[in-house]
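Engineer: Quick one: the structure is below, and I'll ask about it shortly.
No value in this document is a laboratory result; all are computed from the given coordinates. Please read these numbers as outputs of a predicted model, since none were measured by experiment. With ideal geometry, Cβ positions are generated from the backbone for all residues, glycine too; neighbour counts draw on all protein chains shown.
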Amino acid sequence: MRTFHLPLPDDLHEALRREATADHRPATELARDALAGWLQARQRERVAAEIRRFAMAQAGSDLDIDADLERAAVEHLLAGGAT
């Protein structure tokens, strides 16, 4: 495992220390988990943005959803088919 020096403002350091005490876990473990969660969220955001870009670029093209399939899905949902 590699180490990383991260200076924190006093208020953030104190908040992290309080959370670590309340959670009975080392502050480094909490910080590591928080950073990992943030990085995962950023990756999900990037993937979602790429999917949106692709969908917008392909709207109306041959790769767009089939009109008959879309109509059938809407009819199914309106008929109470979503459960």
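Engineer: Tilt of helix 67-78 relative to the longest C-alpha principal axis of the chain, in degrees (0 to 90, nearest 10)?
Structural biologist: Orientation of helix 67-78: about 70 degrees from the principal axis.
Engineer: Also, quick follow-up: Using only Cα atoms, tell me the angle between helix 10-23 and the longest principal axis of the chain; keep it within 0 to 90° and round to the nearest 10.
Structural biologist: 80 degrees
Engineer: The stretch 1-17 to the stretch 37-71: how many Å between their Cα centroids?
Structural biologist: Here the two parts' Cα centres lie 37 Å apart.
Engineer: Restricting to DSSP H runs of at least four residues, report the calculated mean residue ellipticity at 222 nm for the chain, -39500 (n - 2.57) per run over all residues, nearest 500 deg cm²/dmol. If you can, show how the numbers build up before the last one.
Structural biologist: Details: 3 runs with 58 residues, N = 83.
After summing the helix terms and dividing by residue count, I get -24000 deg cm²/dmol.
Engineer: With Kirkwood radius over Cα pairs in Å as the read-out, I listed (1) 13.3; (2) 14.8; (3) 17.5; which label goes with the value calculated from this structure?
Structural biologist: (3)
Engineer: Let me ask something additional. Give the residue from Ser61, Leu78, Ala15 lying farthest towards the positive end of the charge dipole for the stretch 10-78; charges sit on Cβ (+1 for Lys and Arg, -1 for Asp and Glu) and the dipole is referred to the Cα centre.
Structural biologist: It is Ala15.
Engineer: Oh, and also: Work out the length of the dipole vector of the chain about its Cα centre, built from +1 on the beta-carbon of each Lys and Arg and -1 on the beta-carbon of each Asp and Glu, and round it to the nearest 20 debye.
Structural biologist: Details: 11 positive and 15 negative charges, 92 e Å.
Approximately 440 debye in magnitude.
Engineer: Take each of the peptides 44-51, 28-35, average the number of other beta-carbon atoms within 10 Å over its residues, and list them starting from the highest.
Structural biologist: 28-35, 44-51
Engineer: Note the full-extension length gain between Met1 and Arg18 as 0.36 nm times their separation in residues minus their Cα-Cα distance, in nm to one decimal.
Structural biologist: On the way: separation 17, 0.36 × 17 = 6.12 nm, distance 2.51 nm.
Stretched out fully, the Met1 to Arg18 stretch lengthens by 3.6 nm.
Engineer: So what's the angle, to the nearest 10 degrees on a 0 to 90 scale, between helix 27-58 and the longest Cα principal axis of the chain?
Structural biologist: For helix 27-58, the angle is close to 20 degrees.
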